[in-house]
Amino acid sequence: MERAELAGWLRLSLTPGIGDGTTRRLLAAFGLPEGVFAQSEAALREVVGMAQAAALLQVPAGLQAQVDQAWQWLHAGDSSNGNGVSRRIVTLGDAGYPTSLLEMADPPPMLYVLGAADFDLTQLGHSIAVVGSRNPTPQGATNARSFARALGEAGLPVVSGLALGVDGAAHQGALEAAGNAPRLATVAVVGTGLDRVYPARHRDLAHRITLQGLIVSELPLGTPPLTQNFPRRNRLIAGLARGTLVVEAALQSGSLITARLASEQGKEVFAIPGSIHSPQSRGCHALIRQGAKLVESVNDILEELPPLRTAGTASPAHQDEGAAEGDASEDPLLEALGFDPVSLDALSARTGWSAAALQAKMLELELDGHVSRLAGGLFQRMAST
């Protein structure tokens with residue numbers, strides 16, 4: 001992208017009263033931004049209102065500073081491109097703009113992209129979004145990581161939002177599946193400018209994603225983590241992917257926004273059921289009642305994507321599932337524990353074991369990764385997906 005072209009797109013985005021919808025109307029009428037700004041006020045008023053037309057004839061305050069910042073960001077990695085990481089700004093006028101977003105009602109005019117130089121957003125036609133709670137149960141975090149890893153092993157990139165909880169676990173699982181393979185593993189769509197990482201504790205994860213995936217934002221550089229930007233981010237997560245898997249979600253979760261947007265865009269929606277006693281499962285149960293597909297293994301997702309499934313080949317998650325069930329049947333305490341959170345008192349009543357014996361055995365199971373200790377003295381069995 002040339003500096004003059006960048007200045008034109010930024011000027012359009014910074015002009016007061018010109019939102020994304022108006023931008024698309026102007027581009028449809030006059031072509032690229034340079035064509036928009038070459039118009040007379042009378043010509044502009046045939047497409048937009050009087051105030052908007054007048055605003056387009058004025059250079060926005062701070063435009064030069066924005067252009068300088070974006071230009072410097074684009075070329076900041078030029079001296080270290082040996083690591084394969086690139087910085088790009090993709091616009092509606094580019095051939096590399098993701099076709100899946102063009103099918104949305106409100107595709108963003110500009111996308112900032114940071115990540116592996118050989119990957120582009122047009123490769124996301126068969127990706128799956130994996131989203132869920134920022135405060136998942138241990139089982140929820142395990143499910144997110146395991147499903148993302150299995151999806152990656154099946155050749156599907158995983159799209160998520162780099163948030164704490166399910167998002168982070170999903171990115172990690174996708175990266176684990178990719179190993180050192182030169183393919184697009186995961187895409188993080190973020191609600192800030194790409195010159196900052198939010199949350200900060202995901203800085204290392206973000207760096208790993210740039211080496212084997214992409215980080216994407218529609219927001220200008222310097223944009224902080226503002227609450228109103230995250231629902232907009234969610235529509236891009238839904239828009240980029242072919243389907244959305246909700247792992248865990250409370251009834252007021254932002255993940256339900258992503259699922260609703262995916263459904264409105266005609267995309268597949270999947271949900272993992274959970275305990276009827278867990279608030280983090282109620283959002284998934286609501287989605288299932290509304291028509292989302294109930295998912296117990298990654299094969300439940302792959303069978304909805306027939307072009308991607310290899311006949312006669314069970315997914316890694318499905319293969320592991322049988323082994324996990326066999327292992328569980330060997331331990332009567334795990335059988336008694338079930339899959340809902342349970343106290344030691346309740347477990348003692350079920351098994352007849354003393355509290356001391358249960359404490360010792362639960363510690364052993366916890367160290368082996370079969371049981372997780374929850375707040376309030378509860379324990380929960382960890383199921384393999």
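Things to note:
- Radius 13 Å from Cβ of residue 198, net charge of other residues (Lys, Arg +1; Asp, Glu -1): +3
- Computed over the stretch 136-262, the P(r) curve from all C-alpha pair distances, binned at 5 Å from the origin, holds 2, 12, 22, 25, 23, 12, 4, 0 percent per bin.
- Scalar couplings 3J(HN,Hα) for the stretch 227-239, obtained by applying the Karplus form with A = 6.51, B = -1.76, C = 1.60 to θ = phi - 60°, are 4, 5, 7, 6, x, 5, 4, 4, 5, 6, 4, 5, x Hz; x denotes Gly and Pro.
- Each peptide among 21-28, 352-359, 171-178, 279-286 gets the average number of other Cβ atoms lying within 10 Å of its residues, and from highest to lowest they stand as 171-178, 279-286, 21-28, 352-359.
- Normalising the average separation of contacting C-alpha pairs (under 8 angstrom, six or more residues apart) by the number of residues puts the relative contact order of the chain at 12 percent.
- Ordering 220-231, 240-251 by mean Cβ neighbour count within 10 Å, with the highest value first, yields 240-251, 220-231.
- Over the chain, volume per residue of the alpha carbon convex hull, in Å³: 151 Å³
- Counting only alpha carbon atoms, the long axis of helix 63-75 and the longest principal axis of the chain meet at about 50°.
- Considering only the chain, percent of DSSP beta bridges that pair antiparallel, nearest 5: 45 percent
- Per-residue ³J(HN,Hα) for the stretch 263-270, Karplus 6.51 cos²θ - 1.76 cosθ + 1.60, θ = phi - 60°, Hz, x for Gly and Pro: 5, 5, 8, x, 8, 6, 10, 10
- Annotation: extensible slack from residue 232 through residue 303 equals 22.6 nm (criterion: 0.36 nm per residue apart, minus Cα-Cα distance).
- Of 236, 363, 302, the one that fluctuates the most in a GNM where the chain has Cα springs shorter than 10 Å: 363
- When the chain is treated as a Gaussian network with alpha carbon springs shorter than 10 Å, the biggest mean-square fluctuation among 215, 128, 276 belongs to 276.
- Helix axis angle, 166-178 relative to the chain longest principal axis, alpha carbon, degrees: 90 degrees
- Amide H within-cut-off set for residue 248, under 5 Å, with H built and near neighbours excluded: 133
- Nearest 10 degrees, 0 to 90: helix 203-212 Cα axis against the chain principal axis: 70 degrees
Read-outs throughout are calculated quantities, based only on the coordinates presented, and are distinct from any laboratory measurement. Owing to the predicted nature of the structure, the values given are computational and were not obtained by experimental measurement. Quick reminder, even Gly has a Cβ in these numbers, built from the backbone with ideal geometry, and neighbours come from all protein chains shown.
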